[in-house]
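The values are calculated or read from the model by the stated rules, or taken from the named source; none is laboratory data. Just so we're clear, the structure is a prediction, and the values are computed from it rather than from any experiment. Reconstructed Cβ throughout: ideal geometry from the backbone, glycine too, with neighbour counts over all protein chains shown. Just the protein is used for accessible areas: all its heavy atoms, side chains included, with ligands, DNA and RNA removed. Shrake-Rupley method; radii C 1.70, N 1.55, O 1.52, S 1.80 Å.
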Amino acid sequence: LLETNVSKNPYVEKAAVFLTINGVLKTLIKQRKPIARIVNKSDSYYIDKFGVEIPLSANFSARVPLVSGINNAKDIKELISLIKTIGAHDFLNKEIIAIQKNVREEYEFTVRSGEYKIVFGKLVNVNVKFKKLIAFYNKALIDKTIKNYKTINVKYHNQVVCTKQKQDGE
């Protein structure tokens, strides 16, 4: 009964309650770990790696990407895959702070390091797109041109298309 009650808590992923040989009551509780915060017009909540909704907490704020444009279970499944891919790369995991999905089913990322956006497009050839993006970052961070861009677009095959910021006097 105690195990069932603890498992009902939305922040608990798994719970086990048992009695030791010495008669001591023990509990093992695994907390849900948020991977993204979904923000819609009327609602805001976290999701974990299984796509389970976790309510916001007054005591805790997770440092996870803010995500908008997610409307159904298919979108959440797609998002989980995308976030796992981003999370596998340490730099991208720190760099991408928000993900927006638009009406054309294309993704756009907001980044930590500047005022530019990354236009990712649809979730096809994801690994190729991330390889292009990393290669671009490796060059643009070294020659310090990254701040000159308004958009970095990796949705086209075998190329990175950028739009520059307007410079003073242009």
>> 5 Å is the cut-off here: which amide hydrogens, built 1.01 Å from N in the peptide plane, fall below it relative to Lys150, excluding neighbours closer than 5 in sequence?
In response: Thr163, Lys164, Gln165
>> To test your reading of the geometry: what angle, between 0 and 90 degrees and rounded to tens, separates the Cα axis of helix 73-87 from the longest principal axis of the chain?
In response: 70 degrees
> To the nearest 10 Å², what's Asp75's accessible area with a 1.4 Å probe?
Replying inline: 10 Å²
> Taking every DSSP beta bridge that has both residues in segment 24-170, what percent is antiparallel when rounded to the nearest 5?
Replying inline: 70 percent
> Under the Kirkwood approximation for Rh and a Cα-based Rg, what ratio Rg/Rh is obtained for segment 102-170?
Replying inline: 0.98
> So which of Lys77/Lys155; Lys117/Lys166; Lys33/Lys131; Lys74/Lys117 end up more than 23 Å apart by C-alpha?
Replying inline: Lys33/Lys131; Lys74/Lys117
> To the nearest 20 debye, what is the magnitude of the charge dipole of the chain about its Cα centre, counting +1 on the Cβ of each Lys and Arg and -1 on the Cβ of each Asp and Glu?
Replying inline: 280 debye
> What's the angle, to the nearest 10 degrees (0 to 90), between helix 126-142's Cα axis and the longest principal axis of the chain?
Replying inline: 60 degrees
>> Could you work out how much longer the chain between Phe91 and Asp43 gets when fully extended? Use 0.36 nm per residue separation minus the Cα distance between them, nm to one decimal.
In response: 14.3 nm
>> Contact order normalised by length for the chain, with contacts defined as Cα pairs under 8 Å and 6 or more residues apart; what percent is it?
In response: 11 percent
> Across the chain, where is the longest run that never hits chymotrypsin sites (Phe, Trp or Tyr not before Pro) in a DSSP loop with at most 11 other C-beta atoms within 10 Å?
Replying inline: 61-170
> So which trypsin sites (Lys or Arg not before Pro) in segment 88-153 end up in coil per DSSP with only 11 or fewer other C-beta atoms within 10 Å?
Replying inline: Arg104, Arg112, Lys144
>> Under the rule of at least 5 residues apart or a separate chain, name every residue whose amide H is placed under 5 Å from the amide H of Asn125.
In response: none
>> Could you sort Ser44, Ser61 by their accessible area in this structure, using a 1.4 Å probe and putting the largest first?
In response: Ser61, Ser44
> Dimensions of segment 65-106 along principal axes (Cα, Å, largest first)?
Replying inline: 28, 15, 15
> Taking Rh as the Kirkwood radius computed over C-alpha pairs, what is the Stokes-Einstein D of segment 1-138 at 10 °C in a medium of viscosity 1.306 mPa s, expressed in µm² per second?
Replying inline: 94 µm²/s
